[in-house]
Amino acid sequence: MAGLLRVLRDEGAMTTRALFERASALGVGTRSMRHMKGLLNKMKAIDRVSTSPPGEGERDSGGGKRRGRGNFTFSVTEAGRAHVDKLDRSIRPPG
C-alpha cells in the first residue's frame, strides 16, 4: 500500500489504469489490476486516498443528461500524505 501512496504522492491524481501502469513500471508490489483496486478500496476506507468522479457528461439530443464518461481519479489525502511521510522518515538511509 505504501508504494501506491508514494506513486500518488509523487505523480499527483491518477486514474486506475494510469496508476496501475505507473506502479508496474516502478516495481510496486501489485499482482494485478484487481489486487490494486482492492488495495485502493482499503486505503479509501481508512482515509488514505480519495476519489473524484468523472466529469459530467454533455446533454444528449433528447435534452436529458448523459452519464459521466471516464474513470474515477484517485489522489492522496492529508492523512495518507502524513502516513507515507512518516514511513519515509523511518527508513534508514543506506550506508
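The values are calculated or read from the model by the stated rules, or taken from the named source; none is laboratory data. Please read these numbers as outputs of a predicted model, since none were measured by experiment. FYI the Cβ positions are ideal-geometry reconstructions off the backbone, even for glycines, and counts take in every protein chain you see.
Points worth noting:
- The set of residues from the range 7-24 being basic (Lys, Arg), under 10 Å from the mean Cα position of the chain (by Cα) and either part of a strand (DSSP E or B) or surrounded by 14 or more Cβ atoms within 10 Å (Cβ to Cβ) (or both) comprises just one member, Arg9.
- Residue tally, condition surrounded by 13 or more Cβ atoms within 10 Å (Cβ to Cβ) and either within 17 Å of Thr73 (Cα to Cα) or touching a Ser or Thr at 6+ places or on another chain (Cβ under 8 Å) (or both), over the range 25-35: 2
- Criterion violated by Met33 - all others in (1) of a type in the set (A, V, I, L, M); (2) closer than 23 Å to Leu87 by Cβ; (3) at pLDDT 90 or above satisfied: (2)
- Residue list for the range 80-95, restricted to those being more than 14 Å from the chain's Cα centre (by Cα) and in a helix (DSSP H, G or I): Ala82, His83, Asp85, Lys86, Leu87, Asp88, Arg89, Ser90
- A residue that is aliphatic (A, V, I, L, M), part of a loop (DSSP other than H, G, I, E, B) and surrounded by 15 or more Cβ atoms within 10 Å (Cβ to Cβ) cannot be found anywhere in the range 36-56.
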